Amino acid sequence: MSQEQEIQSALVGRFPELSDKVSVRRDRRILAEVPLARLHEVIDFAVKDLGFNMVSAITGLDERERFAVLYHLNRKSSMMLTLRTILPKDNPVIDTVSAIFPSADIYERELVDLLGIRVQGLPEGRRYPLPDDAPCDIYPLRKPVQTQVPQEQKGETS
Amino acid sequence: MTDRGEVKVRIGPQHPALKEPESFLISVRGEKITASTVKLGYNHRGIEKAMEERTYIQDLYLVERICGICSHSHSSCFVQAVEEIAQLAVPKRALYIRTLIGELERIHSHLLWLGVAGHEIGFDTLLMYTWRDREVVMDTLASLTGNRVNYGINTIGGVRRDLTPEKIEATLKAADILEERTKYYIDVAKEDSTLIGRLSNVGRLTHDQAVKFGTVGPTARASNVNEDVRRDDPYFAYPEVTFDVIVDKHEDVYGRTLVRVGELMQSYQIIRQILKNLPEGPITVKAPRRIPAGEAVSRYEAPRGEDMHFVKSDGTDKPERVKVRAPTLANVQAVSQMLQDGYLADLPIVVAAIDPCFSCTDRLIALRGTESGTMDWDTVRRRGIEWHRKKGLDFSLVNRRFEERVERSSKARLG
């Protein structure tokens, strides 16, 4: 059995409800769709039992009717496990993972600033990446938001 | 000042030590740093959002401009994700050329870093030396791609420029010259007692801390973390070349220096293998304008460490979402740990030691007055050399001796 399949069966063995949710995308890439309620248990299992001791990044997606958050976990630089979880659009709240991964702090601040997802338990700190005086109610990576080209630039390109 | 004798010092976002805006709030007692926080985001340009509103081909040029130094890293990482989604079989020759440019970029970046590190510790001779040598690799990049930075070599499905036998010859010669110079820098790094004394035990980051903070690249490898995407998650031509991953146990700025000069030597070896085994054939396959729906996670070992891109497509000619995680973002979070209990005066070199990114490019100058007009780079260089010769600075003898040494060692290597 390949390493990828071993990880897949370990995940499904521990969390039977993930049986049809874990897929090997290609060599060294595994995707698991995890319900929000079990997310922290799955992360704990991946870190402690499967050795995924680093989070390479956290990606937030606006999928129109819902948000998705992707945790790209990394093992010895040679295996990527992406955990995908869905958040409702009307109340996007997720718990922080910065207690497990100190480096996750900055990726979670991106979710807050760019998508307006609330991250519970995130330590106090400055905004990132938007400036302190950026409006608090516009989340640039939400889909309806369009960037505006300044007037003078429009003139030059047309 | 608080009653415990602690003083808070605000450094940045603009200051003479670093060329990029980031700000630090440092608490010091006497000269010792007791706590520090880093504030980032001054360079946020909304590139991820802008990429959603442009086509894949436009994005390729935009993504290259995230960073002026590891521009090839970002465009390669992005193009690799798009090609995975579109299931394009990129020709081998194109993968080899991408690898070649990637390694040349690593050489240019590491030489640049070595100069900056020298500058930060008051060793400006090293800055002058390494930046002069860096011109050799910059010229090579310019002749292979047309540009000193932002090479524009990648396109979806391959590369845009092919190699000719003359260019291969010139690149091999440049690698010989640079290898000879790098041997000298390794001697300096291993023997110069001032350099060793200044960098040892500065900016300490233990193995466990390096893992805990998720550091990548030379920063991690200098703390004995044996990880390199080129070997562990191979892409492009890396499965077919042999090289060593340089790991060091010093766990400080000195270790980070040794790792980078060691990696330079590996890059020359990779370049020679690439050029020797360069496959014949086309350099590009036709790519569809609309990329089918899907998503991919792509990783690339940039000069500063793991670069990661996530691309989601929706079947149109524009990506649905692009997420970029550059290596500096992974490394900068360990800086507070490195500064802890160190001296305030060590701050510039500790921050510089993770090699944060900044960009620079100059190709043409315009002269005012009687000689108005533009000059190409070679003319500028010739004029500079002439000007210094008139002032009594003539390096032609030194240069000739060096050329002889390069010739001797390349003969010795070829047996």
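Rule-based calculations on the coordinates, nothing more; no lab input. Computed from a predicted structure; not experimentally measured. Note: ideal-geometry Cβ built from the backbone for every residue, glycine included; neighbour counts use all protein chains shown.
Key figures for this structure:
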{"item": "5 angstrom amide H check on B:Ala35, placed H, neighbours 5+ away", "result": "B:Ser27"}
{"item": "Hz values of 3J(HN,Hα) by residue in the range B:290-295 - Karplus curve (6.51, -1.76, 1.60), Gly and Pro given as x", "result": "9, 8, x, 5, x, 8"}
{"item": "Karplus 3J(HN,Hα) series, Hz, for the range B:139-155 with 6.51 cos²θ - 1.76 cosθ + 1.60 (x for Gly, Pro)", "result": "4, 4, 4, 5, 6, 7, 10, x, 9, 6, 9, 6, 5, x, 8, 7, 9"}
{"item": "Proximal lysines to B:Lys19, defined as alpha-carbon separation beneath 21 angstrom and excluding residues fewer than eight positions away on the same chain", "result": "B:Lys39"}
{"item": "Listed residues B:Ala293, B:Ile97, B:Asn226: farthest to the positive end of the dipole of chain B (Cβ charges)", "result": "B:Ile97"}
{"item": "Long-range amide H partners of B:Arg321 with built H, under 5 Å", "result": "B:Lys312"}
{"item": "All lysines inside 30 Å of B:Lys173 as judged from Cα atoms, apart from same-chain residues fewer than 8 positions distant", "result": "B:Lys92, B:Lys183, B:Lys190, B:Lys276, B:Lys390, B:Lys411"}
{"item": "In Å, descending, principal axis extents of the Cα set of the range B:24-87", "result": "58, 20, 20"}
{"item": "Whole-Hz ³J(HN,Hα) from phi, Karplus 6.51 cos²θ - 1.76 cosθ + 1.60, for the range B:47-57, glycine and proline x", "result": "5, 4, 5, 4, 5, 5, 9, 10, 6, 4, 5"}
{"item": "Which of B:Val202, B:His44, B:Gln269, positive extreme of dipole for chain B (C-beta unit charges)", "result": "B:His44"}
{"item": "Interatomic Cα distance distribution for the range A:1-124, bins of 5 angstrom, percent", "result": "2, 11, 22, 25, 19, 13, 6, 1, 0"}
{"item": "Over the range B:47-319: Rg over Rh, Cα atoms, Kirkwood Rh", "result": "0.98"}
{"item": "Under 24 Å from A:Lys89, Cα to Cα: lysines that are on another chain or at least 8 residues apart", "result": "A:Lys21, A:Lys143, B:Lys49, B:Lys312, B:Lys318, B:Lys323"}
{"item": "Residue order, fewest to most beta carbons within 10 Å, for A:Leu11, B:Leu111", "result": "A:Leu11, B:Leu111"}
{"item": "Inter-chain Cβ neighbour average for residues A:54-64, partner chain, 10 Å", "result": "6"}
{"item": "Rg to Rh, two decimals, where the range B:222-349 supplies the alpha carbon set and Rh follows Kirkwood", "result": "1.07"}
{"item": "Dipole magnitude of chain B, debye to nearest 20 (Cβ charges: Lys/Arg +1, Asp/Glu -1, about Cα centre)", "result": "660 debye"}
{"item": "Burial ordering of B:Trp387, B:Trp377, fewest other beta-carbon atoms within 10 Å first", "result": "B:Trp387, B:Trp377"}
{"item": "Packing-based ranking, highest mean first, of A:103-115, B:24-36, B:395-407 given that Cβ atoms within 10 Å are counted", "result": "A:103-115, B:24-36, B:395-407"}
{"item": "Given charges at Cβ of Lys, Arg, Asp, Glu: chain A dipole, positive-most of A:Cys136, A:Val97, A:Gln8", "result": "A:Gln8"}
{"item": "Three-way shape label, the range A:1-65, alpha-carbon gyration tensor, a/c 1.5", "result": "rounded"}
{"item": "Cα principal axis extents for the protein assembly as shown, largest first, Å", "result": "75, 70, 58"}
{"item": "Convex hull volume of the range B:315-357 per residue (C-alpha atoms, cubic angstrom)", "result": "74 Å³"}
